[in-house]
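All remarks here apply to the structure that follows.
Only the coordinates and a few stated rules stand behind these numbers; no lab work does. It should be emphasised that the depicted structure is a prediction, and the values quoted were computed from it without experimental measurement. No Cβ is skipped: glycine too gets one built from the backbone with ideal geometry, and neighbour counts run over all protein chains shown.
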Amino acid sequence: MQGWCGMHFYQYQGFWFQPIFGLEGLVWMQQHFQARPTDVYLTSKPKSGTTWLKALVFSIMNRSRYSFSAHPSA
């Protein structure tokens, strides 16, 4: 399918992708990535608070490991 901007889109597993924006990476991940029960997969758009979100997730997941005064993000 060709979109309004002239780029081609491909439907893969029910979603539309531009080949230069992740379809090859998605297929590679599906074939090679093995998630562990302790993994956290965090995704966000650039410039949308990713660093803040990483710090928040770290704080929540390591809440019991550190006392409040010794917490790395305090």
*Spin-label pair Val40/Leu23, simplified geometry with 7 Å Cα→Cβ offset, distance in nm*: 3.4 nm
_Karplus 3J(HN,Hα) series, Hz, for region 26-32 with 6.51 cos²θ - 1.76 cosθ + 1.60 (x for Gly, Pro)_ = 4, 5, 4, 4, 5, 7, 10
*Among Tyr41, Tyr66, which comes first, then next, by fewest other beta-carbon atoms within 10 Å?*
Tyr41, Tyr66
_Ascending count of other beta-carbon atoms within 10 Å, so fewest first, for Lys47, Lys54_ = Lys47, Lys54
*Can you list the residues, at least 5 places off or on another chain, whose amide H is less than 5 Å from the amide H of Tyr12, using H built in the peptide plane?*
Phe17
*Under the Karplus relation 6.51 cos²θ - 1.76 cosθ + 1.60, θ = phi - 60°, what is the ordered set of whole-Hz ³J(HN,Hα) values for region 54-60, x standing for Gly and Pro?*
4, 5, 5, 5, 4, 4, 5
_Can you compute the modelled spin-label distance between Ser69 and His32, with each label point 7 Å from Cα toward Cβ, in nm?_
4.7 nm
